[in-house]
Each structure stands twice: as structure tokens, then as C-alpha cells.
Amino acid sequence: MTFLLQSIFNGLLAGCIYALFAMGLTLIYGVLNFVNFAHGELIMWGAYFLYLFMESPLGLPLPIALIPALCLTILLGLSMDRFAFKPLRQANRLTLLITALGLSFFLRNGAQLFWGAELRTYGFEIKRGWKIFNISITTNQIAIILTTLVCIAVVYLLLHRSRIGKSMRAVSDNLELARVAGINTRRTIRFAWIMSSSLACIGGILLALDTNLQPGMGMINLVKAFAAILLGGVGNIWGALLGGIVIGFAENLGVLIISTGYKDAIAFGIMVLLLLLKPPILYGSQD
Amino acid sequence: MVTLLEVKDVYSGYGKIEVLHGVSIHIAPREIVCIIGPNGSGKSTLLKTIVGLIKPKKGSIRFFGSEISGKDPEEKVRMGISYIPQGRNIFPTLTVMENLEMGGTPLGDPSRIEMAIREIFERYPILNKRKKMKAGSLSGGEKQVLALARASMIKPKLILLDEPSLGLAPKVIDEMYRQINSINQEGATFLIVEQNARKALRLAHRAYVLDLGLNRLEDTGEGLLNNEEVKHLYLGR
């Protein structure tokens, strides 16, 4: 029983992080109509940027280090678009896919060159945390859940209450119509990158808090995010949120049945199944 | 005669495929001009070229005498050109209210947008009733009303309308043409592309027949309706 409860809690935790990744990924899909396979590297660099500011010589405390880390990740996201994807707006999906994959390799190896391949942590001591219903919960984990809730609320408010957020949803719905309605689509796309990069950075930091930092952390989790957006309907932000949480639960409850060694296989399994059932998602809706 | 819009010898198309091979039309203020022609004659391409979604390869497009062929759609809306594309002409996941807000983007100031929406609601009470609903869940006729309302948020001088009757029931089409007529009475100019041309021609002051990307005929709406060749080739018996 305790094991079950612990698995559910772990599932929620993983689900929160996947949801943040998936929401960022689907935002970009919405406005630009392609899956940014370099999103994982925004996640990873976001986490490392925080590390950069928290380690010596700077040694800033987390809440302060978060600000420059967030800014740098946003800058990285915007540069990605400006230098890699923007010149290819008229290109076909395959070109974009290959570009994103190339960018992903480049950024991952770049991080490895900088920080090495070894595991790193932010250097917090692992605290015992509390025991509730016999499951152990650490402060970090509470922080992960709360941060996710705040992010979801901010995303909701931006998309449904702010002018730029509504414009972004309009661009996702129909780019041409948005243009002829007079919406500044370039600004809107930039805003989507800012939101997507911010979610990636925060998600990456939370992931690193829960586990550790390594250059490959983005890539493996991007697969989970990708499975989540397939599950939730590509381009649908609330579907992505839900999809992320479902994947988190599926993985952590799946280990009750199969060995933990196969944990990652569950997300892959869901993804393969979805692609077999609804193959058009990979190519996007043509209308 | 004063011209609102003058399209002169325009060549345009998608990538290497040229669809318009030198099309010319002109529209006077307050006119309703209709373009008819078979599938693939370049009617929609002409509208897209005028609004700037496609840049012409050659030729000139003048709006109130100034050249606009190189401008982006975002700029042209600000000049008072509204475009309602064929079929997908609303934002389905946005609410009716949000659709109108988006249509009001060029107005800038939120209070001006709010005022324009109030006027729209007075004119189309059905939209007021549905304002919180997702636009995608409206009926076909309501969607078309919303599309027209979205495009009139900026009080445009020229409205480009692509196949407004597509997929609508005859009664709904009649209602829509009544709306077009009343907006026209208030001063807006219309350029309408239609494949089911009878109703549009009855309303239009003037009309053009486009065929294979070339001008074929030009006459009053009435004139084309009674033209034997047009009847035979484009209207069907």
C-alpha cells in the first residue's frame, strides 16, 4: 500500500515536470507547426545556467540566480529561432526536423564541452523531508509541485487574459487569418519562444532539483514530452498538461508491474502506440 | 471616375506556379464588385494578392492612388482593407468575443476595441448571445456572421470576400447577402469572389469573369446575368 502511494506521488511529481516540458513544446508547435526537437536542450541549458550562477565564483542563492538563468534561456530560445528556424519559415517539415535535431546535438555537445559529462547537482543537501501516510516527501518535491501550479496559472492567465496571449492562440488557430486581422505575427512568435523557453528553463531546474544535471537530461525527457503532446493532441496546451501528468503516472505506476529498468520504455511504448493509431500527427494537420 | 482600388496587369502565383497572367480590375468607392469564374481561374489568388498574403511578381496594385503591392497584410489592414478567406475564416478555439478582439487589433486602444464590439453586438445580437462560446462550435451561418463581423471591426473601406456562400444553406446565404448589402449602404466597398454566382451577380454593381488567370469579360452584374455566353459557361442552366 505504501509502495502504491509512493508510486502515485512520484508519478505526480514526474508528471508535473513532463507537463512543463510538454506545454513549452506544444506552444511552439502551435504557432510554427513543427516539433522543436531541440526543446530538450533548452531544458538542459536552463538547468545548467542556474548551476552557473549558483556555483563559484558567483555563488548566488537560488531565487536570485533564477533570474539571469531564465533570461539566458530565453535568449537561447530566441536565438534558436532567429538563427536556425526563422530562415526556414517556408521550408518543409523534414528540413525543420533535421535542423532541430542538428541544433539539439550541437547544444548538447556544447554543454558537455563546457561542463563535462559527469553528473552534477545544485549542491543542496538531501533532506529527509516529511512522512505523510508513510510516503516520504522532501521540501524540493513540494517546491516542484507548487512551482508547476504557479506556472500553469501564469500560462492560463497569459493565454486567456492578455492581449499577446490571445493573439498567440489566434496565430495557433490560423496564421494567415491572424495576419490579415492585423496581428503582429513576428512579435507573437517571439512571445511564444519566450514562454516556451521559460517553461523549459523552469522545468529543467525542477528536474535537476529532483535528480541531477547532465548534458543528456534534456533529450531523454523530450521523448516524454513528445509522448505527452501526442497524447493530449498536438498544439493543445491543456492536452499537453494532461498528457504530461498521464505519462508521469503511467511510468511510475508501470513499475509496479514491470521492472524499474523499463521505466523509460513506457513513454516510448505509449508514443509508438499513438503514432500507429494516429500517424498524421507527426506531419500535422494539413488544413 | 475615382478609383478605390486599381489592380493593373498583375502576375502572381505560388512559388514557380503562376496563376494570374496579367489581371486588371478596378473598383470605385461604395461599389460591390463580383468576380466569377470556374475553379482554378485564379479568383482566390487575386484576393490573396490584393491583401498581400502573396506578393505579385509583376504589375501594380493601387489603393487610393498609392502603390501597395509590396506591403504586408498587417499594413494593409491598417489602411482599411479587410479580407475574409474562404472557409476557414474564424479562429475556432477562441471565443466569439476573442475573435472580435482579434479583428480589432489595428484599432490598438482597448477602449476603441470595446466600443467597436458594442456596435457589432448591436448589429448582430446573435453574437452577443454567443460571446462566451468557442467560435468553432457555432453553426455555419453564425460562423459566417462572425467572419463578417470580425472583418468589419476596423470599419474597413474595402472588404475582400472569398466564397461567402460556400457550404451554406440557401436561406442563410440570402441573409448574408442582406448583411453585405446593408454594410455596403453604410459606405463599405466589396470585392466578392463567388463560384455560385447568381446571387452575387444580382447584388453586384459590376462584375468580372476570370478564366485561366486572365480577364475574360467585364460588365454590370445584371449584364453578366443576361449574357448568353456567361449563362452557358459559368452559371449553368
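The values are calculated or read from the model by the stated rules, or taken from the named source; none is laboratory data. This is a predicted model, so every value here is computed, not measured. Note that we place each Cβ from the backbone using ideal geometry, even for glycine, and neighbour counts take in every protein chain shown.
Numbers below:
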item: Pick from segment B:207-231, criterion farther than 24 Å from B:Val19 by Cα and not β-branched (Val, Ile, Thr), ranking: farthest from the chain's Cα centre (by Cα); result: B:Glu228
item: Residue in segment A:9-30 that is in a helix (DSSP H, G or I), modelled with pLDDT under 95 and either over 17 Å from the mean Cα position of the chain (by Cα) or of a type in the set (D, E, K, R) (or both) present; result: yes
item: Single residue of segment B:86-100 satisfying the filter (at the interface with another protein chain (Cβ under 7 Å from one of its Cβ atoms) and surrounded by fewer than 24 Cβ atoms within 10 Å (Cβ to Cβ)) that is farthest from B:Leu158 (Cα to Cα); result: B:Thr93
item: Within segment B:101-118, considering residues that are free of Cβ contacts under 8 Å to residues at least 40 places away in the same chain and at the interface with another protein chain (Cβ under 9 Å from one of its Cβ atoms), the one farthest from B:Ala149 (Cα to Cα); result: B:Pro110
item: Scope segment B:116-168; condition within 27 Å of B:Val33 (Cβ to Cβ), touching a Ser or Thr at 6+ places or on another chain (Cβ under 8 Å) and not in a strand (DSSP E or B); matching residues; result: B:Ile120, B:Ala151, B:Ser152, B:Ile154, B:Pro156, B:Lys157, B:Glu163
item: Segment B:14-48 - residue that is over 18 Å from the mean Cα position of the chain (by Cα) and at positive phi and, of those, surrounded by the most Cβ atoms within 10 Å (Cβ to Cβ); result: B:Gly22
item: Subset of segment A:257-276 [surrounded by 11 or more Cβ atoms within 10 Å (Cβ to Cβ) and farther than 19 Å from A:Ile8 by Cα]; result: A:Phe268, A:Gly269, A:Met271, A:Val272, A:Leu273, A:Leu274, A:Leu275
item: Residue within segment B:220-236 that is in a strand (DSSP E or B) and farther than 18 Å from B:Leu4 by Cβ present; result: no
item: Close pairs from segment B:7-23: first acidic (Asp, Glu), partner surrounded by 24 or more Cβ atoms within 10 Å (Cβ to Cβ), Cβ under 8 Å, at least 6 apart; result: B:Asp9/B:Val23; B:Glu18/B:Ser12
item: One residue from B:Tyr124, B:Tyr83 being more than 12 Å from chain A (Cβ to nearest Cβ) and within 29 Å of B:Leu4 (Cα to Cα); result: B:Tyr124
item: Out of B:Leu217, B:Leu210, B:Leu201, sole residue that is touching a residue at least 40 places away in the same chain (Cβ under 8 Å) and outside any helix (DSSP H, G or I); result: B:Leu210
item: Checklist (1) polar (S, T, N, Q); (2) closer than 30 Å to B:Glu98 by Cα; (3) more than 14 Å from every other protein chain (Cβ to nearest Cβ) applied to A:Asn212, failing item; result: (2)
item: Residue check for A:Arg190: surrounded by fewer than 22 Cβ atoms within 10 Å (Cβ to Cβ), of a type in the set (Lys, Arg) and within 13 Å of another protein chain (Cβ to nearest Cβ); result: no
item: Any pair with Cβ under 7 angstrom, 6 or more apart, that starts in segment A:265-277 at a residue that is free of Cβ contacts under 8 Å to residues at least 24 places away in the same chain and ends at one that is surrounded by fewer than 15 Cβ atoms within 10 Å (Cβ to Cβ) and in a helix (DSSP H, G or I); result: none
item: Unmet criterion (only one of (1) over 17 Å from A:Phe37 (Cα atoms); (2) over 13 Å from the mean Cα position of the chain (by Cα); (3) assigned to a helix (DSSP H, G or I)) for A:Leu230; result: (1)
item: Complete set of residues in segment B:66-80 that are in a loop (DSSP other than H, G, I, E, B) and more than 9 Å from chain A (Cβ to nearest Cβ); result: B:Ile68, B:Ser69, B:Gly70, B:Lys71, B:Gly80
item: Boolean, A:Ile137 is within 30 Å of B:Lys71 (Cβ to Cβ) and not acidic (Asp, Glu); result: no
item: Complete set of residues in segment A:130-154 that are of a type in the set (Ser, Thr, Tyr) and within 20 Å of A:Gly24 (Cα to Cα); result: A:Thr147, A:Thr148
item: Condition check for B:Leu53: in contact (Cβ under 8 Å) with a residue 12 or more places away in the chain, in a helix (DSSP H, G or I) and surrounded by 17 or more Cβ atoms within 10 Å (Cβ to Cβ); result: no
item: Only one of A:Ala250, A:Ala200 that is within 20 Å of A:Ser104 (Cα to Cα), touching a helix residue (DSSP H, G or I) at 6+ places or on another chain (Cβ under 6 Å) and either assigned to a helix (DSSP H, G or I) or at pLDDT 90 or above (or both); result: A:Ala200
item: Within segment A:96-143, tally of residues that are free of Cβ contacts under 8 Å to residues at least 60 places away in the same chain, at positive phi and either exposed (fewer than 13 other Cβ atoms within 10 Å of the Cβ) or touching a Phe, Trp or Tyr at 6+ places or on another chain (Cβ under 8 Å) (or both); result: 1
item: Restricting segment B:169-196 to residues that are of a type in the set (S, T, N, Q) and in a loop (DSSP other than H, G, I, E, B), the residue that is modelled with the lowest pLDDT; result: B:Asn196
